[in-house]
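The block underneath contains the structure these notes are about, expressed in structure tokens.
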Amino acid sequence: MSSSGNESRDGFTSRFGIICAAAGSAIGLGNIWRFPYIVGESGGGAFLLIYLGFILLLGIPVMMSEFVIGRRGQRNALGSFKRLAPGTPWYLVGVMGIVAAFMILAFYSTIAGWTLAYVVRSVSNAFAGMTSQQISAEFGTFHTTTFWPLVYQLIFMVMTAWIILAGVKKGIERYAKVLMPFLVLLLVIMAIRSITLPGSAMGLSFLFKPDFSVVDSSVILAALGQAFFSLSIGMGALITYGSYIQKNNNLSNISIQVTLADTLIAILAGVAIFPAVFAFNLDPADGPGLIFSVLPNIFQQMPGGYVFAIIFFVLLAIAALTSSISILEVVVAYLTEELNVTRRQATIMATSAATLVGVLCTLSFGVMEGFTISGLTVFDLLDFTASNLLLPLGGLLIVVFVSWYMKRDDVRDELSNSGVLKVHLFNALMFILKFIAPVAIAIVLFDSIGII
Ligand code: TRP
């Protein structure tokens, strides 16, 4: 039982458990699906450098701030603000996070559904003997139809809800613990196959050789959004998880380790994908379908590719699940703690609502393709608004809360576990939180809206 909580809270049982859960939240489709597709659309190497800059400068500090708020507040994203800043509008940051959670869960489940479909297609060896053009065309047909993408999306949502119903300890920890090392191993093998394909060299230079002439404000905004999305920060998911972390865990170390693991996996995914993109003459700027057009080609060119494909898509689906549960948990923890509904009711309500919006996201690749708002389909609109606007704005407010609103001693107390740990570079961290991070985020946001 923690010192500042006043009721028995479900929690993570071990240090390893919390690292796995936080890493499980961070590592997901964001690394393996979204990162390559955004890199591809944003022109490659220069984007990567900017992205890495944001991860270092903003990622780790925002993640630490979320953990600090959550563990000190001992509540969900909204409730933690209410507790730490009673009678102020700060809880609105939590409200924003809950809105973002709905939006992200909706479009996330579309892609997770495609992933499940590709598990089944790998099992049935659906791509055997196809050329890369045929594989792309196949994906084109599949994801624009109505029925199967919706079925798979629904299956994914039910799986997410089911894990959430099992509760924090039994659910999240158990699923997150074991599988990620296997995903890394597989990515390494795929990366090796990819860079040894004839014609792959251009892929590595696309990814690692920065061409700053392609950088404009939209590329910088995309890098910011991707950094937040990939690390699961800016929305309160890690506030919620932070509230389950025990008092003797080291918040700084967890943040650094999770960030490193997440970034490593994104780069690995890039190394697996871009060489193959060029080897198979595909378009790096292909958009959200990129990995689904590229990966089956790699497996076709691998000894044992049939088995590798199945294992890979299963692991990717699991990585997606450990992320989606962290999104759903934000809403469920809020509903149960603030509105006093049961965990079961909360899960059913939140899942249904997100699924309804999710259906629109899925259909926006097919029958609803023509339905656009300021040029964006429902899918693109939700992804853009949540990832590029709400998460950075949430992150900005979170660091401002920790560095300007909270007492400096309280922050130090939380990071040092009440004086037990030495906090390295505390002054530097506070300086980043107070000045650098908010200004950097504000500049990118304003710049992209065209205010600067
Ligand atoms: N980071 C996850 C991924 O890379 C997605 C995710 C989970 C997320 N929880 C989040 C994104 C909270 C933003 C906020 O797939």
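The values are calculated or read from the model by the stated rules, or taken from the named source; none is laboratory data. Since the structure is predicted, the reported quantities are computational estimates derived from the model, not experimental observations. Note that each Cβ is placed from the backbone with ideal geometry, even for glycine, and that neighbours are counted across all protein chains shown.
Hey, which of the helices (runs of 4 or more DSSP H) in segment 382-437, taking only ones fully inside, have at least 1 residues that are within 16 Å of the ligand (Cβ to nearest atom) and aliphatic (A, V, I, L, M)? Before you say what the answer is, go through the steps one by one.
Numbers: elements: 391-400, 408-415, 426-431.
Where helices (runs of 4 or more DSSP H) fall fully within segment 382-437 and carry at least 1 residues being within 16 Å of the ligand (Cβ to nearest atom) and aliphatic (A, V, I, L, M), they are 391-400.
Among the candidates 261, 227, single out the residue that is surrounded by fewer than 24 Cβ atoms within 10 Å (Cβ to Cβ) and within 16 Å of the ligand (Cβ to nearest atom).
Criteria check complete, one pass: 261.
Looking at (1) modelled with pLDDT of 95 or more; (2) under 16 Å from residue 320 (Cβ atoms); (3) β-branched (Val, Ile, Thr), which one does residue 172 not meet, given that it meets all the others?
(1)
Which one is farthest from the chain's Cα centre (by Cα) among residues in segment 349-392 that are of a type in the set (Phe, Trp, Tyr) and buried (at least 21 other Cβ atoms within 10 Å of the Cβ)?
Among them, the one singled out is 365.
I'm checking my understanding of the structure. Among residues of segment 91-102 that are within 16 Å of the ligand (Cβ to nearest atom) and surrounded by fewer than 24 Cβ atoms within 10 Å (Cβ to Cβ), which one is farthest from residue 402 (Cα to Cα)?
Applying the filter and picking the extreme gives 102.
Anything in segment 230-258 that is assigned to a helix (DSSP H, G or I), away from the ligand (no atom under 14 Å from the Cβ), of a type in the set (A, V, I, L, M) and buried (at least 20 other Cβ atoms within 10 Å of the Cβ)? List them, or say none.
Matches in segment 230-258: 251, 254.
Residue-wise test of (1) of a type in the set (Phe, Trp, Tyr); (2) touching a residue at least 40 places away in the same chain (Cβ under 8 Å); (3) not in a helix (DSSP H, G or I).
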residue	(1), (2), (3)
116	no, yes, no
127	yes, yes, yes
143	no, yes, no
150	no, yes, no
156	yes, yes, no
190	no, yes, no
207	no, yes, no
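Can you pull out every residue in segment 50-75 that is more than 21 Å from residue 23 (Cβ to Cβ) and within 19 Å of the chain's Cα centre (by Cα)?
Taking segment 50-75 first, the residues more than 21 Å from residue 23 (Cβ to Cβ) are 50, 53, 72-75.
The answer is 50, 53.
I'd like the residue in segment 269-312 that is in a helix (DSSP H, G or I) and polar (S, T, N, Q) and, out of all such residues, is surrounded by the fewest Cβ atoms within 10 Å (Cβ to Cβ).
First pass over segment 269-312, keeping only residues in a helix (DSSP H, G or I): 269-279, 290-300, 305-312.
Now narrow it down to the ones that are polar (S, T, N, Q): 293, 297, 300.
On the way: 293: 23, 297: 23, 300: 18.
Ranking the candidates gives 300 first.
Those residues that are more than 16 Å from the ligand (Cβ to nearest atom) and modelled with pLDDT of 95 or more, I need them from segment 315-338; list them, please.
Let us first name the residues in segment 315-338 that are more than 16 Å from the ligand (Cβ to nearest atom), namely 335-338.
Across segment 315-338, the qualifying residue is only 335.
Would you confirm whether any residue within segment 53-62 is surrounded by fewer than 23 Cβ atoms within 10 Å (Cβ to Cβ), in contact with a Ser or Thr (Cβ under 6 Å, 6 or more places away or on another chain) and closer than 27 Å to residue 428 by Cβ?
Yes, some residue in segment 53-62 is surrounded by fewer than 23 Cβ atoms within 10 Å (Cβ to Cβ), in contact with a Ser or Thr (Cβ under 6 Å, 6 or more places away or on another chain) and closer than 27 Å to residue 428 by Cβ.
Rundown of residues vs (1) free of Cβ contacts under 8 Å to residues at least 12 places away in the same chain; (2) under 22 Å from residue 236 (Cβ atoms), yes/no style:
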position	(1), (2)
346	no, yes
352	yes, yes
360	no, no
372	yes, no
389	no, yes
407	yes, yes
418	no, no
424	no, no
440	no, yes
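Sort out for me the helices (runs of 4 or more DSSP H) sitting completely within segment 30-90 that have 3 or more residues that are within 15 Å of the ligand (Cβ to nearest atom) and in contact (Cβ under 8 Å) with a residue 24 or more places away in the chain.
35-41, 60-73
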